[in-house]
Structure formats: C-alpha cells, structure tokens
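Some notes on the structure that comes next.
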Amino acid sequence: MAEVNHYGTGRRKTSIARVWLREGNGTITINKRTPEEYFPRDTWKIHALEPLDTTQTKGKFNVLVDVKGGGLTGQAGAVRHGIARALLKADESHRQPLKSAGQLKRDPRMVERKKYGLKKARKGQQFSKR
C-alpha cells in the first residue's frame, strides 16, 4: 500500500516552502538538513515548527520541506505556513487551533519598491526653504 503524503505550500515575503507530511516517527528535514543545522537561531526553528506544537502532532508526522528564496526569516515563516496547510489536509479538526493561532493566514507584508526621485522607498532629499 502506498504511503499517504499530505502536501502544503507556504509563502512569506519572497520565500516559498513546499511541505510534505507523512505518518512516521517525527523526523523533520529542511533542504536535506535538520532544523538545527538549517536555522542557526532557535527563534527561526521554533517559529517554523510552531504548527506542530499548536496541534500536538510533534512526533506523529515525518516532515519533508523544500524551501527557497528570500532570507532565513522569510523561509521560517514560509515553512510555518506550509506545515500548517499540510496539517489541515491531514486532519480537518486541526483547523480551529491553527486558525486561532493565526497560522493559516499568509503574511502579506512585502518590501516596498523604490520610487524614482527618492533615495529609498520613502526617503527623499531633506527640504530646506533657504
């Protein structure tokens, strides 16, 4: 019998994470590395794996993640969003705790583009009347 995979796509800033969940012993792999190796800061690792703590499914699923684009903060947010979506496909009863924790909503904040005539997105020349 084929293994059942649950898939979820997570996005944050310019990062995209593809997440597969499979029934197992709780092995987590992010780009062929452990979360401790991939995310040097504990805050990134904790943030990325938050949906597993919210739904108390930490040792029930093997998590395989392929993430690319952006920096490590955006990638941690993308992994979090992808895991939450995959958990929802695995079991619909996870919707209420994930939704109340705000983990199913995509964070829409992006870097604002630079405008012509300005030094940065909003910073311009200092104005002097004289």
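Rule-based calculations on the coordinates, nothing more; no lab input. Quick caveat, the model's predicted, so the values are computed rather than measured. Glycine gets a Cβ as well: all are built from the backbone with ideal geometry, and neighbour counts include every protein chain shown.
How far, in degrees from 0 to 90, does helix 72-90 lean away from the longest principal axis of the Cα atoms of the chain, to the nearest 10?
Helix 72-90 sits at roughly 40 degrees to that axis.
Within the chain, what's the longest run with no chymotrypsin sites (Phe, Trp or Tyr not before Pro) in a DSSP loop and at most 13 other beta-carbon atoms within 10 Å? Give the range, please.
On the way: sites that count: Y116, F127.
It works out to 1-115.
Under the Karplus relation 6.51 cos²θ - 1.76 cosθ + 1.60, θ = phi - 60°, what is the ordered set of whole-Hz ³J(HN,Hα) values for segment 104-110, x standing for Gly and Pro?
Listing the rounded values in order: 8, 8, 6, 6, x, 5, 10 Hz.
Go ahead and set up a Gaussian network model of the chain, Cα springs under 10 Å, then flag whichever of A17, A101, A84 fluctuates most.
Comparing A17, A101, A84 in a Gaussian network model of the chain, the most mobile one is A101.
For a quick check of your reading of the filter: which trypsin sites (Lys or Arg not before Pro) in segment 2-46 sit in a DSSP loop and have no more than 10 other Cβ atoms within 10 Å?
Numbers: sites: R11, R12, K13, R18, R22, K32, R33, R41, K45; in loops: K13, K32, R41.
Loop-located and lightly packed - K32.
Which residue, G70, G24, G82, has the most motion in a Gaussian network model of the chain that connects Cα atoms within less than 10 Å?
G24
Just to be sure I follow the definition: excluding the sites themselves, where is the longest run in the chain that has none of the GluC sites (Glu not before Pro) in a DSSP loop with at most 15 other Cβ atoms within 10 Å?
On the way: sites that count: E3, E112.
Between exposed loop sites, the widest span is 4-111.
Which stretch or stretches of segment 91-115 have amide N atoms under 16 Å from the point lying 7 Å from K60's Cα along the Cα→Cβ direction?
Counting only backbone N, you get 91-99.
Could you derive backbone 3J(HN,Hα) for segment 36-45 from the dihedral phi with the Karplus parameters 6.51, -1.76 and 1.60 (θ = phi - 60°), listing whole Hz in sequence and x where the residue is Gly or Pro?
Residue by residue, segment 36-45 yields 5, 6, 6, 9, x, 9, 5, 4, 5, 5 Hz.
State the dimensionless ratio Rg/Rh of the chain (Rg: radius of gyration of Cα atoms; Rh: Kirkwood radius). Write out the running numbers ahead of the final one.
Working: Rg = 18.5 Å, Rh = 15.9 Å.
Across the chain, the Cα-based Rg/Rh ratio is 1.16.
With each pseudo-label sitting 7 Å past Cα toward Cβ, what's the T9-N31 distance in nm, one decimal?
2.0
What are the ³J(HN,Hα) values, in whole Hz, obtained from phi via the Karplus relation 6.51 cos²θ - 1.76 cosθ + 1.60 with θ = phi - 60°, for each residue of segment 114-121 in sequence order, with x given for Gly and Pro?
With coefficients 6.51, -1.76 and 1.60, one gets 6, 9, 5, x, 10, 7, 9, 4 Hz.
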